[in-house]
1. Scan region 303-325 and give yes if some residue there is of a type in the set (S, T, N, Q), free of Cβ contacts under 8 Å to residues at least 60 places away in the same chain and assigned to a helix (DSSP H, G or I), otherwise no.
2. Looking at (1) over 24 Å from Cys110 (Cα atoms); (2) touching a helix residue (DSSP H, G or I) at 6+ places or on another chain (Cβ under 8 Å), which is the only condition Ala42 fails?
3. Looking only at region 46-54, decide whether some residue is in contact (Cβ under 8 Å) with a residue 60 or more places away in the chain, of a type in the set (A, V, I, L, M) and open to solvent by less than 50 Å² (accessible area, probe 1.4 Å).
4. List pairs: first in region 276-298 and more than 24 Å from Trp6 (Cα to Cα), second open to solvent by 60 Å² or more (accessible area, probe 1.4 Å), Cβ under 6 Å, 6+ apart or cross-chain?
5. For region 165-206, enumerate the residues that are polar (S, T, N, Q), touching a residue at least 24 places away in the same chain (Cβ under 8 Å) and open to solvent by 10 Å² or more (accessible area, probe 1.4 Å).
6. Would you list the helices (runs of 4 or more DSSP H) that sit entirely within region 110-220 and hold 1 or more residues that are under 15 Å from the mean Cα position of the chain (by Cα) and more than 22 Å from Thr71 (Cα to Cα)?
7. Test each condition in (1) in a loop (DSSP other than H, G, I, E, B); (2) in contact (Cβ under 8 Å) with a residue 12 or more places away in the chain; (3) open to solvent by 20 Å² or more (accessible area, probe 1.4 Å) for Asp61 and report the one that comes out false.
8. On the basis of being in contact with a strand residue (DSSP E or B) (Cβ under 6 Å, 6 or more places away or on another chain), touching a residue at least 12 places away in the same chain (Cβ under 8 Å), among the β-branched types (Val, Ile, Thr) and farther than 17 Å from Tyr117 by Cα, does Thr16 make the cut?
Amino acid sequence: MRPVRWGIVGFGWVATDFMAPAIAAAGDRLVAVADPSLAAQADASRRGARTYTDVCALASDPEVEAIYVATPNHLHREAVEAAAANGKAVLCEKPIAATLVDAEAAVAACRRAGVLYGTAFDQRHHPAHRALRDALAAGRIGTPTAIRIVYACWLGPTWSAGRGGDNWRIDGAKAGGGAMMDLAPHGLDLVDFLLGEPLETVVSMLQRRLHAYAVDDGAMLVGRTGSGVLASLHVAYNCPDALPRRRLEVTGSHGMIVAEKTMGQDAGGTLTLTDGTTGLPEILPIPDHDLSPFLAQVRRFGDAVRSGRSNEFSGERDLHTMRLLAEAYRGDILS
C-alpha cells in the first residue's frame, strides 16, 4: 500500500509526541504542518515537513491527502471544513468540536464533500481494549450487565504540555467544558466499541471541587444502552497521578473482566477475568500488547483512505457520542 501523505493542524503535545511518531512508524509521511507558533514550525521543519500558519493553506496543499486536526477544540470546525472543501480525509481529535452545533456542521461538511471523516478515539485501537471486546464477543463473562470506567488525572490551573503555556483545556470558550468534555468522550465511545451498541441516554453530576477554574474538574456520568447494560464513568482533573486512576471493568452474568492501566495514549496494561462461579482470576493474553494505539489508528485510517471504505470510522456514530456529551452537560443533576 502506498504511504499516506499527512498534514497536521496544531502541532502541540499529542501531535508531536504521539501522532507524528505514529505516522513515521506506519511508513507514512508527514509532509506539512499548520501552526502559528514559531517553535512548532521549527519542530516541524526539523522533521522534514513544510510549515504553514494558515489552515486553509495547508488544506490546499496538493501533496496532502489526509489531515489530522489537533488544535484546541473551538478551532476544530474551521480545520475540518477546510479539509473537506479541499477533498482531504480528516482525522479529528475528540471531541469533534467545542459545541454540538460546530460538531454537526463539521461532519456535515465532510458528508457533503464525500470525504472520509474519523474522530481520533485512540482507545478504540488500544490492543487491550481490542482483546477485551473479543472476550466479550466470545461470551467469556456471559451476558454483560454493567461497564465502569475510571479515567482521571491531575490538571492544575497552570498546567500546559504544549508551547506557550496556554492551558486551553480549562478555558470553557476554547474547550467547551472541563474534565468531562476532555475525558468522557473516550468512555462514551468505548461502551459502543466494546458492546457493539451505544448508550442511549446519560445523566451527569459535575464537580468543581479542587481547582480554581470555571470549568468542571470532575464528573460522574451514568447511562444505559438499548439492551439495558448500565454504564458509569468517573472522569477527573483532580486525581493525583500517583494514584490508581485508569480502570475499565465489565461485569456479566458469568464473570468480570478488568482492564488496568489501559486508558491513555500508551500501549500496555493488563486484562484479568474473574470467574463468576469460582472467583478465580485468569490473566487474559493481549495480542500486540506493545502496539501503540496511535500507530494502530494511523494504520487503520490509512487503510480506509486507500480502500475508499470507511471501515471503523463513522462521523454519524461520533456525532451520537457528541450528542450524549451535550446531554450529559445539560443533565447535570447537581446544577
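1. Going through region 303-325, the residues of a type in the set (S, T, N, Q) turn out to be 307, 310-311, 314, 321.
The next check asks that each one be free of Cβ contacts under 8 Å to residues at least 60 places away in the same chain; those that pass are 307, 311.
If we keep only those that are assigned to a helix (DSSP H, G or I) as well, we get 307.
Within region 303-325 (the criterion being of a type in the set (S, T, N, Q), free of Cβ contacts under 8 Å to residues at least 60 places away in the same chain and assigned to a helix (DSSP H, G or I)), the answer is yes, since at least one residue qualifies.
2. All conditions pass for Ala42, except number (2).
3. No: zero hits.
4. Gly276/His254
5. Taking region 165-206 first, the residues polar (S, T, N, Q) are 167, 201, 204.
Subsequent filtering for residues that are touching a residue at least 24 places away in the same chain (Cβ under 8 Å) retains 201, 204.
If the condition is that a residue be polar (S, T, N, Q), touching a residue at least 24 places away in the same chain (Cβ under 8 Å) and open to solvent by 10 Å² or more (accessible area, probe 1.4 Å), then Thr201 is the only one that fits.
6. 127-137, 179-195
7. Failed condition: (3).
8. Working: in contact with a strand residue (DSSP E or B) (Cβ under 6 Å, 6 or more places away or on another chain): no; touching a residue at least 12 places away in the same chain (Cβ under 8 Å): yes; among the β-branched types (Val, Ile, Thr): yes; farther than 17 Å from Tyr117 by Cα: yes.
No.
The values are calculated or read from the model by the stated rules, or taken from the named source; none is laboratory data. The structure displayed is predicted, hence computed values, not measured ones. Counting neighbours? That spans all protein chains shown, and the Cβs are built from the backbone with ideal geometry, glycine included. To get the accessible areas, we keep the full protein, side chains included, count just its heavy atoms, and leave off ligands, DNA and RNA. Shrake-Rupley method; radii C 1.70, N 1.55, O 1.52, S 1.80 Å.
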